[in-house]
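These notes are about the structure you will find just below.
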Amino acid sequence: MKKIIAKIDFTSNIGNYVKGDEIVGLTYEQIVKLNEKGFIEPLEYKDLVLIKRELENKENKI
């Protein structure tokens, strides 16, 4: 999966992050919301589709 990197310093209900930090353990919805608000390095539609597929496959294996 593509790494989710903080674009700016921010605090959210998932933690405190500094520019350049890798953010792990997110749901697809959280990734989309952070992407929309510009808190993470921009993800294109293709990246989001691939991330969603990978997260769904992880859930199915459990």
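The values are calculated or read from the model by the stated rules, or taken from the named source; none is laboratory data. The model shown is predicted, which means the values in this text are computed figures rather than measured ones. Counting neighbours? That spans all protein chains shown, and the Cβs are built from the backbone with ideal geometry, glycine included. Only protein heavy atoms, including side chains, enter the accessible area calculation; ligands, DNA and RNA are left aside. Shrake-Rupley method; radii C 1.70, N 1.55, O 1.52, S 1.80 Å.
Check whether at least one residue in region 28-40 is touching a Phe, Trp or Tyr at 6+ places or on another chain (Cβ under 9 Å), surrounded by 12 or more Cβ atoms within 10 Å (Cβ to Cβ) and assigned to a loop (DSSP other than H, G, I, E, B), and report yes or no. There is at least one residue in region 28-40 that is touching a Phe, Trp or Tyr at 6+ places or on another chain (Cβ under 9 Å), surrounded by 12 or more Cβ atoms within 10 Å (Cβ to Cβ) and assigned to a loop (DSSP other than H, G, I, E, B).
Among residues of region 10-23 being open to solvent by less than 100 Å² (accessible area, probe 1.4 Å) and assigned to a loop (DSSP other than H, G, I, E, B), the one that is modelled with the lowest pLDDT is ILE14. Sub-6 Å Cβ pairs linking a first residue in region 34-59 that is farther than 18 Å from ILE14 by Cβ to a second residue that is among the β-branched types (Val, Ile, Thr) and part of a helix (DSSP H, G or I), at least 6 apart or interchain, number zero. Across region 13-31, the qualifying residues are those that are small (Gly, Ala, Ser) and free of Cβ contacts under 8 Å to residues at least 12 places away in the same chain, and the one among them that is nearest to VAL49 (Cα to Cα) is GLY25.
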